[in-house]
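Structure first, then comments.
The values are calculated or read from the model by the stated rules, or taken from the named source; none is laboratory data. Not measured: the values here are computed from a predicted model. Cβ: placed from backbone, ideal geometry, glycine included. Neighbour counts: every protein chain shown.
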Ligand SMILES: Cc1cc2nc3c(=O)[nH]c(=O)nc-3n(C[C@H](O)[C@H](O)[C@H](O)COP(=O)(O)O)c2cc1C
């Protein structure tokens, strides 16, 4: 069955531009997949915990050797990984925060990148020391920036640690079928969303 995972990282409410973009995407996807299931992971409203010492020791202990406390430490990660594996399509709403992704999305990434579970190390391999273990999924990035000039070839592209970072992390997981749409100028033009829809 088709399964859409909607990840929202904006700490802002319904007025958030990236939330409006993922909501629009979800409506269109649901129309095209009437029997599909939509699962929402709202990192902006319900952040996941940062990884801690117990988490790290558990993640780097083989499954059979884990203590009950170590198993507990990985429960949230295991649930997030299962949710991700079930998805056939992923849409991520991601504002630019200080040139990169919101810290809630970084905390989520640290929970779902698991050596031996979602990726594995293959040192000395050209291009990437990681081989992704997730089957390829269609992934759509809904990127929003208050400013502008961060697109490839533009003046501030070298400062863009949002889209290149997300593509690299998804690549670690084996997800390379990634399309990105960026809405810029949100802090400059109040009607940027409507103009982009008209354009
Ligand atoms: C903490 C924080 C950091 C931000 N850093 C940047 C930035 O580095 N570059 C930029 O263009 N916009 C930056 N912005 C502006 C947001 O990208 C912009 O307001 C965007 O519309 C937020 O997405 P949202 O409407 O989905 O919440 C920042 C906003 C916040 C709250």
Does residue 61 qualify as being at pLDDT 95 or above, farther than 23 Å from residue 136 by Cβ and in a loop (DSSP other than H, G, I, E, B)?
yes
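Going by the structure shown, is residue 81 more than 16 Å from the ligand (Cβ to nearest atom), outside any helix (DSSP H, G or I), out of contact with any strand residue (DSSP E or B) (no Cβ under 8 Å at 6 or more places or on another chain) and within 28 Å of residue 92 (Cβ to Cβ)?
no
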Kindly indicate the residue of region 136-163 that is free of Cβ contacts under 8 Å to residues at least 40 places away in the same chain and either away from the ligand (no atom under 16 Å from the Cβ) or in a loop (DSSP other than H, G, I, E, B) (or both) and also surrounded by the most Cβ atoms within 10 Å (Cβ to Cβ) among those meeting that condition.
151
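Among what's in region 51-62 and is surrounded by 12 or more Cβ atoms within 10 Å (Cβ to Cβ) and without any contact (Cβ under 8 Å) to a residue 60 or more places away in the chain, pick the residue that is farthest from the ligand (Cβ to nearest atom). Spell out how you get there, then give the answer.
Here is the first cut: in region 51-62, the residues surrounded by 12 or more Cβ atoms within 10 Å (Cβ to Cβ) are 51, 54-59, 61.
Within this subset, residues satisfying the condition of being without any contact (Cβ under 8 Å) to a residue 60 or more places away in the chain are 54-59, 61.
Numbers: 54: 29, 55: 25, 56: 27, 57: 32, 58: 31, 59: 29, 61: 36 Å.
Selected residue: 61.
Table: residues versus (1) away from the ligand (no atom under 16 Å from the Cβ); (2) exposed (fewer than 14 other Cβ atoms within 10 Å of the Cβ); (3) under 23 Å from residue 24 (Cα atoms).
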| position | (1), (2), (3) |
| --- | --- |
| 92 | no, no, yes |
| 118 | yes, no, no |
| 129 | yes, yes, no |
| 133 | yes, no, no |
| 167 | yes, no, yes |
| 187 | no, yes, yes |
In the set 48, 38, the lone residue that is away from the ligand (no atom under 15 Å from the Cβ), at pLDDT 95 or above and surrounded by 18 or more Cβ atoms within 10 Å (Cβ to Cβ) is 48
